[in-house]
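The values are calculated or read from the model by the stated rules, or taken from the named source; none is laboratory data. Just so you know, these numbers come straight off a predicted model, no measurement behind them. Cβ coordinates were reconstructed from backbone atoms using ideal geometry, including for glycine residues, and neighbour counts include every protein chain displayed. Areas reflect the complete protein model, heavy atoms only, side chains present, ligands, DNA and RNA absent. Shrake-Rupley method; radii C 1.70, N 1.55, O 1.52, S 1.80 Å.
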Amino acid sequence: MKTGIFGGTFNPVHIGHVKAAIAFIREMQLDRLFVLPNFIPPLKDRESAPASDRLEMLKIAFLDVKNAIIDDFELKSGGTSYTYKTIAHYKALYPDDRFYLLIGDDNLLIFRKWRNFEYILKNCVLCVAMRANMDIAEEKHILERDYGAQIHILQYSPTVISSTELRSKLLPEYLPDGVFEYIRQKGLYQ
Ligand code: ATP
């Protein structure tokens, strides 16, 4: 089976995430995609909405996305959420699967800062959403040449939006159906 992994803070999840995930499933022909909110992100230092709300918003956003599974593994594990640990977890569960990891171009540029990134590259095909159209050519080349990375650039047209922008101004058109109402009801991001 082909298993995809998509982690993030999702604070909140937006349509940029959902569109990237759909392209990821389609282009890599994934049998299943695990979407995981992190507990404490390694490289961010700001407060986020409660984990239970971020999880709930993901469930709403991915309700109609076939093969997507929202997993609270990183939330239940607690502490800092390292992607290599999540991959090791799925590899232990599904030793015969082939693994694919989805990240945005912003993360490809700092990928060598990720804890144990060599392990990730050994065990996953890296799939990149060009969310900000950053110049990734040199970094991609280094990862392929020096670390044997397999990198696939997703061929869809990304939506340029970030959770940061949405936290400062809630724009309903960038939020998946039901997520805006959830945020309003819960009084998040005020
Ligand atoms: P923030 O603005 O709070 O940093 P974010 O919008 O970057 O958040 P994350 O939860 O950090 O969202 O993103 C999870 C993953 O999704 C990351 O790999 C990120 O690069 C990717 N991503 C975020 N926004 C988009 C987008 N608009 N299109 C494609 N991928 C995205």
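Scanning the range 162-190 for residues that are closer than 17 Å to D64 by Cα and among the aliphatic types (A, V, I, L, M) yields L175, V179. Looking across R115, R98, one residue alone is under 14 Å from T3 (Cβ atoms) and open to solvent by 80 Å² or more (accessible area, probe 1.4 Å). It is R98.
Within the range 81-108, being of a type outside the set (S, T, Y), touching a helix residue (DSSP H, G or I) at 6+ places or on another chain (Cβ under 7 Å) and more than 10 Å from the ligand (Cβ to nearest atom) holds for I87, H89, K91, F99. Listed conditions (1) closer than 15 Å to A21 by Cα; (2) exposed (fewer than 14 other Cβ atoms within 10 Å of the Cβ); (3) within 13 Å of the ligand (Cβ to nearest atom) are all met by L63, apart from (3). Being more than 15 Å from the ligand (Cβ to nearest atom) and under 25 Å from L30 (Cα atoms) is the requirement here; does L175 meet it? In short, no. Residues being under 18 Å from T83 (Cα atoms), in contact with a Leu (Cβ under 9 Å, 6 or more places away or on another chain) and open to solvent by less than 10 Å² (accessible area, probe 1.4 Å) are represented in the range 36-50 by at least one member. Among the residues in the range 123-133, are any among the aliphatic types (A, V, I, L, M), open to solvent by 40 Å² or more (accessible area, probe 1.4 Å) and at pLDDT below 95? Yes, because at least one residue in the range 123-133 is among the aliphatic types (A, V, I, L, M), open to solvent by 40 Å² or more (accessible area, probe 1.4 Å) and at pLDDT below 95.
Pairs meeting the criteria (first residue in the range 1-18 and free of Cβ contacts under 8 Å to residues at least 40 places away in the same chain, second residue assigned to a helix (DSSP H, G or I) and not acidic (D, E), beta carbons under 7 Å, at least 6 apart or on different chains) are G8/H17. Pairs meeting the criteria (first residue in the range 45-59 and at pLDDT 95 or above, second residue open to solvent by 30 Å² or more (accessible area, probe 1.4 Å) and within 13 Å of the ligand (Cβ to nearest atom), beta carbons under 7 Å, at least 6 apart or on different chains) are R54/S48. Applying the set (1) within 13 Å of the ligand (Cβ to nearest atom); (2) small (G, A, S); (3) closer than 19 Å to P176 by Cα to G4 leaves exactly one unmet item: (3).
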